[in-house]
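Here the structure comes first, spelled out in structure tokens, and everything after it is commentary.
The values are calculated or read from the model by the stated rules, or taken from the named source; none is laboratory data. Computed from a predicted model, the values in this text were never measured in an experiment. Cβ placement follows ideal geometry from the backbone for every residue including glycine, while neighbour counts extend to all protein chains displayed.
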Amino acid sequence: MADPFSSASAVIGTVDGLLRFSAWLRKAVVAAERVDAEVQDLIHDIERLIPIYNSLNVLQDKATSHPALGGQGQQLGRSVEHLRHIESLWHAAGETIRRCTDTVDQLERILKSITGESSEIFENLETIEKSEKAVGSEKAVKTNETQRILAKVTQKFSGLRKELKRQSKEPQYLELRRDLQSYHTALNTSLIALQMWDLSKAGPIHR
């Protein structure tokens, strides 16, 4: 029988994409004078996935490092039915994470395509402001170019839904947002189930 944890390999490392996108969105909020509530809602939906991802990683690490495991789920001596159930739970979690990661990547591409040239500018806003700060001055003086680009960021993010509709990207965006919320529910359910069937809590050996 396959190792119950082999299906969970997709969990490891995938939180990096969520952190990157969340940080990018938060920099957009800082750069823009006004932002659509939709941006704040998206940040919320992205960031509430992070603790679930982390919990799955911790649960996997704890179970695979348990002395009774010896690196393989079969070594616990649990019943075949038990191990098959664990395997199916991890498989479901891994598949949901794969789909969720792809959805987050698509959302990131859509939003960055909307901000266009301003993306890298406001992503490094703090560095730009420091470089533009006059020696001895207490207040950063933005160049006309930076002001123009920040104004563009504000324009895009203060009316995100309107901009999405203008660029004919709203249907795709809304579908991805619905998918993201569904994946959150599915992953939370997987986490609860895996916590209940935690292999690290090895019981008596069944033969």
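Values for this structure:
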| read-out | value |
| --- | --- |
| Spans of helices (runs of 4 or more DSSP H) in the stretch 138-207 with at least 3 residues at pLDDT 80 or above and not hydroxyl-bearing (Ser, Thr, Tyr) | 160-166, 170-196 |
| Residue check, GLU108 at pLDDT 90 or above and under 15 Å from ALA23 (Cα atoms) | yes |
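To keep it simple, each residue is scored yes or no on (1) modelled with pLDDT of 90 or more; (2) under 14 Å from the mean Cα position of the chain (by Cα); (3) loosely packed, with under 13 Cβ neighbours inside 10 Å.
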| residue | (1), (2), (3) |
| --- | --- |
| PRO4 | no, no, no |
| GLY17 | no, yes, no |
| LYS27 | no, no, no |
| ILE50 | yes, yes, no |
| LEU59 | no, no, no |
